[in-house]
1. Please give the FRET efficiency for Arg78 paired with Lys341, using the beta carbon to beta carbon distance and R0 = 25 Å, rounded to the nearest 0.05.
2. With a 1.4 Å probe and all protein chains left in place, how much accessible area per residue does region 138-249 have, in Å²?
3. Please name which of Ala65, Cys25, Ser38 has its Cα lying farthest along the dipole of the chain towards the positive end, using unit charges on Cβ (Lys, Arg +1; Asp, Glu -1) and the Cα centre as origin.
4. Would you mind calculating the gained length between Asp332 and Leu316 on full extension (0.36 nm times residue separation, minus the Cα-Cα distance), in nm to one decimal?
5. Taking R0 as 22 Å, what FRET efficiency do you get between Asp212 and Thr282 from their Cβ-Cβ distance, rounded to the nearest 0.05?
6. Between Glu96 and Asp186, 0.36 nm times their residue separation minus their Cα-Cα distance comes to what?
7. Round to a whole number: what % of the accessible area of the chain belongs to carbon and sulfur, probe 1.4 Å?
8. Only Lys, Arg, Asp and Glu count, each charged at its Cβ (+1, +1, -1, -1), so figure out the dipole size of the chain about its Cα centre, rounded to 20 debye.
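The values are calculated or read from the model by the stated rules, or taken from the named source; none is laboratory data. Given the structure is predicted, the values throughout are model-derived calculations rather than measurements. Every residue, glycine as well, gets a Cβ built from its backbone with ideal geometry; the counts of neighbours run over all protein chains shown. Calculation scope for accessible area: heavy atoms of the full protein, side chains included, ligands and nucleic acids excluded. Shrake-Rupley method; radii C 1.70, N 1.55, O 1.52, S 1.80 Å.
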Amino acid sequence: MTSWLTQKALPVWSSAGIDASTGACFESLDLKSGAAASDTVRARVPPRQIYAFLEGANLGWDGAAADIAVSLWAWYERTFREDLEHYGNVTGPSGELADGTFDLYNQAFALFALAQIARFIPERADLAHEEAERLLTYIEAHFQHPRDGFFDTPEKSAPLKSNPHMHLFEACLAWEETSENSVWQDLADEIAELALVAFIDPVSGGLREFFDLDWSPMPDASGRIMEPGHQFEWAWLLVRWGTARQDADALIAARRLYDIGRTFGVDDTRGAVFMALSDDFTVLDPIARLWGQTEWLKAAIALAKVSSGPERTAYLDDIPDAAEAMLAFFKDVPAGLWHDKLKPDGTFADEPAPASSFYHIVCAISELQAFTKEL
């Protein structure tokens, strides 16, 4: 998979996926022409692409990763911040900021990209540290929840969401690797504890998506939603955090999250992770998206690392299954691109390859390569 990444995917997305005249990235690429398929860009995409290029270089790609990342960040900052203290939501067709509303999800990815810049581009590290600390101070000053965690939007209304906190958690763990400022460790601890006591159901051990203002599950049907891909993604993060903190409860929770995702969230017919379960573990949405497969792979690797005996063997046995599920989305498309949605009938949706998937793909390949070297 690493050779596919460095020889096929990164060359495609660093050329066809970047507007050389502005430094911007594109939202998606057409599977037939390989050209940009959208004239708008969501705020989550540029930070994810910055990670993909920089981590891709770390994995052996010889492209101009640092130059692309610097140019892309410069475009992202002047486009999505304008006169704001935070980063907005989406550009319009002419490249202008069409929606500047605060969304915690987008700020989490800005922080994540800044951590990658600080890690991989030494001459930009000081600026990245400064901007990350400024943004976090703003978030904490204006969106802190009275209990723990944060409000997602300026309305500070329900539903609150676990997903933006998951990516903020990921950004904090990335910053821990490159910053001596204890604020990142403290916030990671806060989010981990919130996950363990509120996001994860104390009876089933499954992780919910939507919450009322007191962090209880939303009283309507949305409060029952559990996404298998997020069971895996939180498992991966909690293994990282629990190992670093020597927190046995986090590892227990991660194993249960993985068990739920593996037992109830993988369609045996397609061999793929599908989108959504209800809290009784019945299927709500049978569509299988590429990102869910990458998170299954990452979680299986993480738990194999911290397990022994038959339990470790079970995770090891799942790794090739998860890898195969992921690789299926790369077949019958131009080299370096991918399908995004696998339908219940086993066919793929006819739609462009979304750039937002690249971050998931690169992270999974990075985890697999590192684990393979350890064996």
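1. 0.15
2. 38
3. Ala65
4. So the chain would gain 3.0 nm between Asp332 and Leu316.
5. Efficiency for this residue pair is about 0.45.
6. Gain on stretching Glu96 to Asp186: 28.8 nm.
7. 50
8. For the chain, the charge dipole is close to 840 debye.
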